[in-house]
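Trainee: The structure that follows is given in the form of structure tokens.
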Number of protein chains: 2
Amino acid sequence: MTTRNLFLLPGDGIGPEAMAEVRKIIAYMNEEMAAGFTTDEGLVGGAAYDAHGAAISEADMAKALAADAVLFGAVGGPKWDSVAYEVRPEAGLLRLRKDLELFANLRPAICYPALANASSLKPELVEGLDILIVRELTGGVYFGEPKTITDLGNGQKRAIDTQVYDTYEIERISSVAFELARTRQNRVCSMEKRNVMKSGVLWNQVVTETHKAKFADVKLDHMLADAGGMQLVRAPKQFDVIVTDNLFGDMLSDVAAMLTGSLGMLPSASLGAPDAKTGKRKALYEPVHGSAPDIAGQGLANPIAMIASFAMCLRYSFNMVAESDRLEKAIANVLDKGIRTGDIMAEGCRKVGTTEMGDAILAEFKALSA
Amino acid sequence: MTTRNLFLLPGDGIGPEAMAEVRKIIAYMNEEMAAGFTTDEGLVGGAAYDAHGAAISEADMAKALAADAVLFGAVGGPKWDSVAYEVRPEAGLLRLRKDLELFANLRPAICYPALANASSLKPELVEGLDILIVRELTGGVYFGEPKTITDLGNGQKRAIDTQVYDTYEIERISSVAFELARTRQNRVCSMEKRNVMKSGVLWNQVVTETHKAKFADVKLDHMLADAGGMQLVRAPKQFDVIVTDNLFGDMLSDVAAMLTGSLGMLPSASLGAPDAKTGKRKALYEPVHGSAPDIAGQGLANPIAMIASFAMCLRYSFNMVAESDRLEKAIANVLDKGIRTGDIMAEGCRKVGTTEMGDAILAEFKALSA
Ligand SMILES: [Mg+2]
Ligand SMILES: [Mg+2]
């Protein structure tokens, strides 16, 4: 029997509540589908800081490196606002991304039909929206050195962050974008600031060369990143796959997510390079939302993004495409039935808590799998 | 009689057409109001490259430095897409910003009542919108050194851009934001990425200290820049003044502009420090829109952003507040009457060209000044 090793890192805030609903789905798939998932669980973020004084322990890092896939909840909260920069909750996620070499962050911006009215945009602009933002995740200004604050004396300090990109980094992220585009509408839009950044100039060159050498069948456009932000707000459906660097991807993927009106419901995947022997990619799946400390522990959290992240895990780490499709369909059906957590509550719908939402999706998943 | 020295840089594309409409208003103000404007004109962008092989000549730089205010049109176009990086059209604008030390970029995002339906957002979210984004303009990743592309051999290149901020840069831009907030709703939201950037950490500290020391009466909030992008899309009216760095300001001010549905109509101002002797700030005023080469020279361009930029010039460089108010009111009145250029045309309105739009605004301005 196949074994599939999952490492769960629920993290802080609503992370553990949301992860509990995924555990139910895993248990069902093991019992009824002989899916062969094994799970181990660790600490990350504030929870790891409280236990180990670090945002993730070395032992848990080793487990993450050994797993087929990592499911990550959320990190952070006011409790840890004043801890040292190096051990702040986000450092756990950054360490995972760096050590697992998860250079490709996949951020779908999909508008569930039942929620089109929840968008701040006019419904006709977002109904049926289906964008995939591919964000470079291990390079750029969040990691480049030097990265310092220096006291200059005379009351002045100087802060430095360094944006660095090498050819191979741009080549591999754009290759992921082109490959994914082939399974979709076959269109890629690359975004940078070549007019004011040297990294933008190189980005543009390497994407253009990679396209020409290996992906000439895909339609490629280039857009300045600030113009891209505007176009996302003006007419988001013009895009299929967007590929961009770490910082612009951070901004643009959040703007795109908010367009859908269902930010709390969006999943993400972070992928590494294929292993030379096994062909398997290191992978981490996480909801886009944060740890929402204000509602943590109250059974109010919406578990859909966490469950949808597990659906991405089924698809990208285990090639369980049919199961992934059914789980995503289960989410859409539950929303069509008017079942809502508080964050997406609307008139005429039925308000439920975290557990009820998870149970409803599991029931629908069972029905679709029968 | 007061003399007021304006240096006009119409630039490329639709810049010259839009500037011609401002010239009419200047002439009227000189004739009927003894405003005492003197004007000189130079080249910038592609036009300067064609004439001098540089994005702006040294002679024109000297005139810009000597003027009370610079009115700038737009630069760029496909004709200059392949010129060397150092002399590309945008380099002219960057040089002006740097040499005039225009560190504060003011980007109003205002929704004209007559155009609320033109936004991609639901009208109730943008009606009455009035945000001012204050963007740091001479520091950060667009200017920091090193800024290089290096050939590493083995087929690899490395691109580097450097984000640098010193205490004094953050102090002076946040002071401008706090001062402007006092003339508005008295609220400032500062945006950075302190969770992943050292410059974000310093930015947050210095804004907090500047607030405490000199502007404690202003309400101050902090937001991560990507969350800020989301909030702009979700509920833009929550903001009054937003202060942020060069790169985040580049992205966020464009997203905010697009929310208004009237991107082609938004002005901007870029201000320097007050002169120690005269108290006058160096200043440059420019429309937010680009050079629109596709419609250049056809009399189709919307001159409103250029005229609204001149209204900001009256307000900030010459303290002609009543005249500025009247000119802005003239624009709103013309829109209320249903007069539209092609870019903002709507059913039941009357479509006009650049000249007619400029004439209509001037007529309204005359009527209001009578
Ligand atoms: Mg983000
Ligand atoms: Mg911009």
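The values are calculated or read from the model by the stated rules, or taken from the named source; none is laboratory data. Values in this document were obtained by computation on a predicted structure and should not be read as measured data. Virtual Cβ from ideal backbone geometry, glycine too; neighbours counted across all protein chains shown.
Trainee: Kindly establish whether A:Asp343 is part of a helix (DSSP H, G or I), within 16 Å of ligand 1 (Cβ to nearest atom) and either on the phi < 0 side of the Ramachandran plot or touching a His at 6+ places or on another chain (Cβ under 9 Å) (or both).
Mentor: no
Trainee: So B:Gly200 fits all but one of (1) in a helix (DSSP H, G or I); (2) out of contact with any Leu (no Cβ under 9 Å at 6 or more places or on another chain); (3) within 14 Å of another protein chain (Cβ to nearest Cβ); (4) within 18 Å of B:Gly249 (Cβ to Cβ); what number is the exception?
Mentor: Unmet for B:Gly200, out of (1) in a helix (DSSP H, G or I); (2) out of contact with any Leu (no Cβ under 9 Å at 6 or more places or on another chain); (3) within 14 Å of another protein chain (Cβ to nearest Cβ); (4) within 18 Å of B:Gly249 (Cβ to Cβ): (2).
Trainee: Any residue in segment B:205-224 that is facing another protein chain (nearest Cβ under 7 Å), away from ligand 2 (no atom under 16 Å from the Cβ) and either in a strand (DSSP E or B) or over 23 Å from the mean Cα position of the chain (by Cα) (or both)?
Mentor: No; the residues of segment B:205-224 include none that is facing another protein chain (nearest Cβ under 7 Å), away from ligand 2 (no atom under 16 Å from the Cβ) and either in a strand (DSSP E or B) or over 23 Å from the mean Cα position of the chain (by Cα) (or both).
Trainee: Run down A:Ala308, A:Ala322 and say which single residue is away from ligand 2 (no atom under 16 Å from the Cβ), free of Cβ contacts under 8 Å to residues at least 40 places away in the same chain, assigned to a helix (DSSP H, G or I) and within 29 Å of A:Phe365 (Cα to Cα).
Mentor: Among A:Ala308, A:Ala322, only A:Ala322 is away from ligand 2 (no atom under 16 Å from the Cβ), free of Cβ contacts under 8 Å to residues at least 40 places away in the same chain, assigned to a helix (DSSP H, G or I) and within 29 Å of A:Phe365 (Cα to Cα).
Trainee: So, in segment B:126-151, of the ones that are at the interface with chain A (Cβ under 9 Å from one of its Cβ atoms) and of a type outside the set (A, V, I, L, M, F, W, C), which residue ends up farthest from B:Arg97 (Cα to Cα)?
Mentor: Step by step, filter segment B:126-151, then rank; the result is B:Thr148.
Trainee: Return a yes/no flag: does segment A:13-27 have any residue that is loosely packed, with under 15 Cβ neighbours inside 10 Å and assigned by TED's automatic domain parsing to the domain that holds A:Met320.
Mentor: yes
Trainee: Quick one: which of B:Val196, B:Val201 is of a type in the set (A, V, I, L, M, F, W, C) and within 16 Å of ligand 1 (Cβ to nearest atom)? Write out each step before concluding.
Mentor: Working: B:Val201 fails: within 16 Å of ligand 1 (Cβ to nearest atom).
That would be B:Val196, the only listed residue that is of a type in the set (A, V, I, L, M, F, W, C) and within 16 Å of ligand 1 (Cβ to nearest atom).
Trainee: Another question, then. Pull up segment A:233-263, narrow it to residues that are assigned to a strand (DSSP E or B) and under 22 Å from A:Tyr112 (Cα atoms), then point me to the one that is nearest to ligand 1 (Cβ to nearest atom).
Mentor: Within segment A:233-263, the match that is nearest to ligand 1 (Cβ to nearest atom) is A:Ile242.
Trainee: A further question on this structure: Has segment A:113-130 got at least one residue that is of a type in the set (S, T, N, Q), in contact with a Lys or Arg (Cβ under 8 Å, 6 or more places away or on another chain) and closer than 30 Å to A:Met320 by Cβ?
Mentor: Taking every residue of segment A:113-130 in turn, none turns out to be of a type in the set (S, T, N, Q), in contact with a Lys or Arg (Cβ under 8 Å, 6 or more places away or on another chain) and closer than 30 Å to A:Met320 by Cβ.
Trainee: Tally up the residues in segment A:305-347 that are closer than 17 Å to A:Gly36 by Cα and charged (D, E, K, R), please. Write out each step before concluding.
Mentor: In the first step, residues of segment A:305-347 are kept if they are closer than 17 Å to A:Gly36 by Cα; the result is A:310-311, A:313-324.
Then drop every residue that is not charged (D, E, K, R), which leaves A:315, A:323.
Residues meeting the conditions: 2.
Trainee: Quick check on my filter: what residues within segment A:338-370 are within 22 Å of the chain's Cα centre (by Cα), over 11 Å from A:Glu21 (Cβ atoms) and among the aliphatic types (A, V, I, L, M)?
Mentor: A:Ile344
Trainee: So, one more: Being buried (at least 17 other Cβ atoms within 10 Å of the Cβ) and either at positive phi or among the hydroxyl-bearing types (Ser, Thr, Tyr) (or both) is the filter here; which residues of segment B:138-167 pass it?
Mentor: B:Thr138, B:Gly140, B:Tyr142, B:Thr162, B:Tyr165, B:Thr167
Trainee: Which residues, counting only those in segment A:229-271, are of a type in the set (Gly, Ala, Ser) and within 16 Å of ligand 2 (Cβ to nearest atom)?
Mentor: Scanning segment A:229-271 gives a single hit, A:Gly229.
Trainee: Have a look at A:Asn195, A:Asn154 and point out the one that is of a type outside the set (A, V, I, L, M, F, W, C), within 10 Å of another protein chain (Cβ to nearest Cβ), without any contact (Cβ under 8 Å) to a residue 24 or more places away in the chain and assigned to a loop (DSSP other than H, G, I, E, B).
Mentor: A:Asn154
Trainee: Do any residues in segment A:210-228 that are assigned by TED's automatic domain parsing to the domain that holds A:Ser253 have Cβ atoms under 8 Å from those of residues that are within 16 Å of ligand 1 (Cβ to nearest atom) and part of a helix (DSSP H, G or I), where the two are at least six apart or on different chains, and which pairs are they?
Mentor: Short answer, once both residue conditions are applied: A:Ala225/A:Phe248; A:Ala225/A:Met251; A:Ala225/A:Leu252; A:Ala225/B:Met251; A:Asp226/B:Met251; A:Gly228/A:Phe248; A:Gly228/A:Leu252.
Trainee: Among the residues of segment B:60-67, is there at least one that is crowded, with 16+ Cβ neighbours inside 10 Å and within 13 Å of another protein chain (Cβ to nearest Cβ)?
Mentor: No, segment B:60-67 contains no residue that is crowded, with 16+ Cβ neighbours inside 10 Å and within 13 Å of another protein chain (Cβ to nearest Cβ).
Trainee: Continuing with the same structure: In segment B:264-276, is there at least one residue being under 25 Å from A:Lys193 (Cβ atoms), within 14 Å of chain A (Cβ to nearest Cβ) and in a loop (DSSP other than H, G, I, E, B)?
Mentor: Among the residues of segment B:264-276, at least one is under 25 Å from A:Lys193 (Cβ atoms), within 14 Å of chain A (Cβ to nearest Cβ) and in a loop (DSSP other than H, G, I, E, B), which makes the answer yes.
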